[in-house]
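The values are calculated or read from the model by the stated rules, or taken from the named source; none is laboratory data. Quick caveat: nothing in here was measured; it's all calculated off a predicted structure. Cβ sites come from the backbone with ideal geometry, for glycine too, and all protein chains shown count toward neighbours. Note: accessible area is taken over every heavy atom of the protein model, side chains too, but ligands, DNA and RNA are not part of it. Shrake-Rupley method; radii C 1.70, N 1.55, O 1.52, S 1.80 Å.
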Amino acid sequence: MAKAPVAGRVKTRLCPPCTPGQAARIAAAALADTLDTVAAAAAAAGARVLVVDGDYPAPPGWTVCPQRGGPLGDRLANAFADTRAPQTATVLIGMDTPQLATVAHLDRALRLLADVDAVLGPADDGGWWALGLRDPRHAEILRTIPTSTPTTGRQTLTALRRHGLRIQLLPQLRDVDTAADAHAVAALCPANSRFARAVATEMPSPTAVAG
């Protein structure tokens, strides 16, 4: 699930120190790295769908599905509903964790969903970076959970448990909201990743900002 990397519409919390154009290029790098990681996931991931806000070309073999709805909770629930396939689990991730690893994170989530009803990847800021559901219809709970709060992840976990689902937690990751996040996450990415290169070239140095 992603937003087209258009200047002024993505990663606005990186501004300052970034300009809107720099923030958009960093977002584009994060999205490209994420798509590559998902593309490399195990063959068990039968379909790969880019649920996008805006216009962005998906890689070959992918399906594009437009985001719909107003509040983020509704758009998340609609993403599960619009991509649901019979008897098929769904794992939803965003574009804010370019340090995501195919084997350690995505393949692990797919394996776990063979034995549990849901997997949830908590984020450092209290939200979540991944939600996997064996039955995607359970995503309806997301419509009533406030998003972008320090308790979003905890409330999501509570709601899943209230529905009697068996849940397994994934590793906790830091997502990219601020300049400090961008630097910290870039340090966790391979040196040749698009995101690491974008942060190195597009993010103004503290000296440049002070000057």
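Right, residue 57: in a loop (DSSP other than H, G, I, E, B), of a type outside the set (Gly, Ala, Ser) and without any contact (Cβ under 8 Å) to a residue 12 or more places away in the chain or not?
yes
Among the residues of segment 131-149, what is the count of those that are surrounded by fewer than 15 Cβ atoms within 10 Å (Cβ to Cβ), in a loop (DSSP other than H, G, I, E, B) and touching a residue at least 24 places away in the same chain (Cβ under 8 Å)?
Selection size over segment 131-149: 2.
Conditions tested, residue by residue: (1) under 23 Å from residue 56 (Cα atoms); (2) out of contact with any strand residue (DSSP E or B) (no Cβ under 9 Å at 6 or more places or on another chain); (3) among the aliphatic types (A, V, I, L, M); (4) open to solvent by less than 40 Å² (accessible area, probe 1.4 Å).
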{"site": "90", "(1), (2), (3), (4)": "yes, no, no, yes"}
{"site": "106", "(1), (2), (3), (4)": "yes, no, yes, yes"}
{"site": "117", "(1), (2), (3), (4)": "no, no, no, yes"}
{"site": "123", "(1), (2), (3), (4)": "no, no, yes, yes"}
{"site": "129", "(1), (2), (3), (4)": "yes, no, no, yes"}
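Quick one: how many residues across segment 176-189 are assigned to a loop (DSSP other than H, G, I, E, B) and out of contact with any helix residue (DSSP H, G or I) (no Cβ under 7 Å at 6 or more places or on another chain)?
2
Testing residue 49 on (1) over 20 Å from residue 174 (Cα atoms); (2) free of Cβ contacts under 8 Å to residues at least 12 places away in the same chain, one condition comes back false. Which one is that?
(2)
Go through segment 19-28 and count every residue that is in contact (Cβ under 8 Å) with a residue 40 or more places away in the chain and open to solvent by 10 Å² or more (accessible area, probe 1.4 Å).
Matching residues across segment 19-28 total 3.
Among the residues of segment 71-88, which ones are at negative phi and open to solvent by 50 Å² or more (accessible area, probe 1.4 Å)?
71, 72, 75, 82, 84, 86, 88
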